[in-house]
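Okay, so here's the structure we're looking at.
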Amino acid sequence: MSAATERQPSDSRDHRSGHVPEPLDPLPAGRAPNPTGSYVGGAVVNVILLVLVNGWPGWEVVPFLTNRTPLVLGLVNASLVTGIVINVVLSVWHPPRLKAFGDLAIGAVGIAALVRIWQVFPFDLQGSAWETVVRVLLVVGLVGSGIAMLVALVRLVRGAPNGS
């Protein structure tokens, strides 16, 4: 190979000057990303779900939900409202301990809703494999929420950032 066609190493060095650029750092040192947008987005999603379930079109249009659905709506709505309130507060002020407390509150109400859904099981899925799938997903949700609550509890006690 001639010098003109010789392959250069594929690093970030400018091979003509030998200069190695500094790594890109999108934020100044010591500054964390601003999560306000994600909190606002979370609140908006919960508001939309609250309207869809309780207003238009309403849970009644979902073909696999039974007339037992109102027995779980109180806790499902409480879970959505808790998410809205916590996300709105965190969009304005989000110290690590408040974020951890919010995660604990959302997890606790979410677990209560999942347990109630398990107990009532307002789904018309008898005799199909979907009943097992939904039950497994409820267990996964319960386990995941429990783990998230343990992590939030540790963050609350330590006052450590959540890493996001």
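Quick notes
- Flag for Gly163 being in a helix (DSSP H, G or I) and either surrounded by 14 or more Cβ atoms within 10 Å (Cβ to Cβ) or at pLDDT below 95 (or both): no
Residues are listed down the side, and each one gets a yes or a no for (1) among the aromatic types (Phe, Trp, Tyr); (2) touching a Phe, Trp or Tyr at 6+ places or on another chain (Cβ under 8 Å):
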residue	(1), (2)
Trp56	yes, no
Glu60	no, no
Thr69	no, yes
Val72	no, no
Gly83	no, no
His94	no, yes
Lys99	no, no
Gly102	no, no
Ile106	no, no
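- You will find that of Val109, Val115, the residue that is among the aliphatic types (A, V, I, L, M), over 21 Å from Val85 (Cα atoms) and part of a helix (DSSP H, G or I) is Val115 and no other.
- Residue that is over 19 Å from Ala148 (Cβ atoms), out of contact with any Gly (no Cβ under 9 Å at 6 or more places or on another chain), modelled with pLDDT under 95 and of a type in the set (Gly, Ala, Ser), where the choices are Gly30, Gly41: Gly30
- Count of residues meeting criterion [within 21 Å of Ser79 (Cβ to Cβ) and touching a helix residue (DSSP H, G or I) at 6+ places or on another chain (Cβ under 6 Å)] in region 124-152: 7
- Within the span defined as region 123-139, one or more residues are assigned to a loop (DSSP other than H, G, I, E, B), surrounded by 14 or more Cβ atoms within 10 Å (Cβ to Cβ) and modelled with pLDDT under 95.
- Count of region 82-106 residues, restricted to those that are more than 17 Å from Val45 (Cβ to Cβ) and either crowded, with 21+ Cβ neighbours inside 10 Å or charged (D, E, K, R) (or both), is 3.
The values are calculated or read from the model by the stated rules, or taken from the named source; none is laboratory data. Quick caveat: nothing in here was measured; it's all calculated off a predicted structure. Heads up, the Cβs are rebuilt from the backbone with ideal geometry, glycines too, and the neighbour counts pull from every protein chain shown.
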